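J.: The structure's right below; bear with me while I get my questions together.
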Amino acid sequence: MIPATHGSHMRLDRFLSHSSCLSRSQVKRLLHADRVTLDGRPVRDPALAVSEQSLITLNGATLPWPRSRYVMLNKPAGYVCSTDDPGYPVVSSLVDAPWAAGLHSAGRLDVDSTGLVLLTNDGAWSHALTSPRRHCLKTYRVGVKHPIAADLAQRFADGLLLHGENRPTLPAQLELIDSRTARVSIQEGRYHQVKRMFAACSNRVETLHRERIGAITLDPALQPGQWRELQALEIGSLPHE
Ligand code: URA
């Protein structure tokens, strides 16, 4: 894996809030007060693109390019992976580190789903992980309302037409754990995909717990709400295109 921030760009305001732990409004005020320079000149435009090669100062002090961070979290129910839903706390609020505000999740889980969520500030890495071309396998332990039909593994393997869509799902694997529990692996990330696959087969998902993304398995030592940084091998384990 290429060092994650090498050659990448980000907006100046994002860089400032990441590297100095300032809020967006504090950053705005500092920019307007000419306290920020880019390559020796005062700058005010928060949308300017900066890179690792840029020399950025705040109040005369040079700011370092923020380190890339990669985290696995055991998501509890009741947390959301995006900031779009103000009704629930976001998963990054569970990461008690000064750099947590800059993290976004690489692939989402629904608010009521639990288990493995990967968080990073490395946009290229999360993009690669979630790119449909990589067919990165996601594995879930799924509890359902009705007994699992005998032909379901075959139907998942054949592909299903989901409500409102005209392209069948790519082959998925279903392994029966007991009559109402299965381990399901999918290689796509469509909206509510696992729930909709069971709904298409007249069943209903009641619990959904993600165990694995690609080669990265949820660490069994992590209790719900706990996190740890990824190891180098995990960071470098992205599937090839
Ligand atoms: N599929 C779903 O339906 N929900 C999730 O949270 C993840 C996959």
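The values are calculated or read from the model by the stated rules, or taken from the named source; none is laboratory data. Predicted model, so just to flag it, every value in this text is computed and none were measured. Glycine also receives a Cβ, built like all others from the backbone with ideal geometry; neighbour counts cover every protein chain displayed.
J.: Answer with yes or no whether R69 is among the basic types (K, R) and more than 22 Å from the chain's Cα centre (by Cα).
T.: Criteria not met by R69.
J.: Touching a Lys or Arg at 6+ places or on another chain (Cβ under 9 Å), of a type in the set (A, V, I, L, M, F, W, C) and modelled with pLDDT of 95 or more: does that describe L152?
T.: Taking the combined requirement at face value, the residue does not satisfy it.
J.: Then there's this: Just to be sure I understand, how many residues within the stretch 115-174 are free of Cβ contacts under 8 Å to residues at least 40 places away in the same chain and closer than 18 Å to M72 by Cα?
T.: Qualifying residue count for the region: 2.
J.: Which residue is modelled with the lowest pLDDT, if the candidates are limited to the stretch 26-57 and must be among the small types (G, A, S) and in contact with a strand residue (DSSP E or B) (Cβ under 8 Å, 6 or more places away or on another chain)?
T.: This residue is S51.
J.: I need the full set of residues from the stretch 117-140 which are within 16 Å of the ligand (Cβ to nearest atom), farther than 24 Å from S92 by Cβ and outside any loop (DSSP other than H, G, I, E, B), in order please.
T.: Answer for the stretch 117-140, where residues must be within 16 Å of the ligand (Cβ to nearest atom), farther than 24 Å from S92 by Cβ and outside any loop (DSSP other than H, G, I, E, B): just P132.
J.: Restricting to the stretch 26-47, count the residues that are surrounded by 12 or more Cβ atoms within 10 Å (Cβ to Cβ) and touching a Pro at 6+ places or on another chain (Cβ under 9 Å).
T.: Total meeting the criteria: 5.
J.: From L174, L170, which residue is more than 12 Å from the ligand (Cβ to nearest atom) and either among the aromatic types (F, W, Y) or closer than 23 Å to A128 by Cβ (or both)?
T.: Within the list L174, L170, the selection yields L170.
J.: Okay, moving on. Within the stretch 188-221, count every residue that is within 13 Å of the ligand (Cβ to nearest atom) and hydrophobic (A, V, I, L, M, F, W, C).
T.: 8
J.: Are any of the residues in the stretch 179-187 in a loop (DSSP other than H, G, I, E, B) and touching a Ser or Thr at 6+ places or on another chain (Cβ under 7 Å)?
T.: no
J.: Is it fair to say H146 is touching a helix residue (DSSP H, G or I) at 6+ places or on another chain (Cβ under 8 Å) and exposed (fewer than 15 other Cβ atoms within 10 Å of the Cβ)?
T.: no
J.: Scan the stretch 188-213 residue by residue and report those that are part of a loop (DSSP other than H, G, I, E, B), over 22 Å from the mean Cα position of the chain (by Cα) and without any contact (Cβ under 8 Å) to a residue 60 or more places away in the chain.
T.: A200, C201, S202, N203
J.: From S23, S68, which residue is modelled with pLDDT under 95 and surrounded by 15 or more Cβ atoms within 10 Å (Cβ to Cβ)?
T.: Step by step, each of S23, S68 is checked, and only S68 is modelled with pLDDT under 95 and surrounded by 15 or more Cβ atoms within 10 Å (Cβ to Cβ).
J.: Among the listed residues S105, S185, S113, S82, which satisfies the condition of being within 16 Å of the ligand (Cβ to nearest atom), over 15 Å from the mean Cα position of the chain (by Cα) and of a type in the set (G, A, S)?
T.: Exactly one of S105, S185, S113, S82 is within 16 Å of the ligand (Cβ to nearest atom), over 15 Å from the mean Cα position of the chain (by Cα) and of a type in the set (G, A, S), namely S185.
J.: To continue, here is another question. Among the residues of the stretch 48-102, how many are under 30 Å from L233 (Cα atoms) and assigned to a strand (DSSP E or B)?
T.: Residues in the stretch 48-102 being under 30 Å from L233 (Cα atoms) and assigned to a strand (DSSP E or B): 10 in total.
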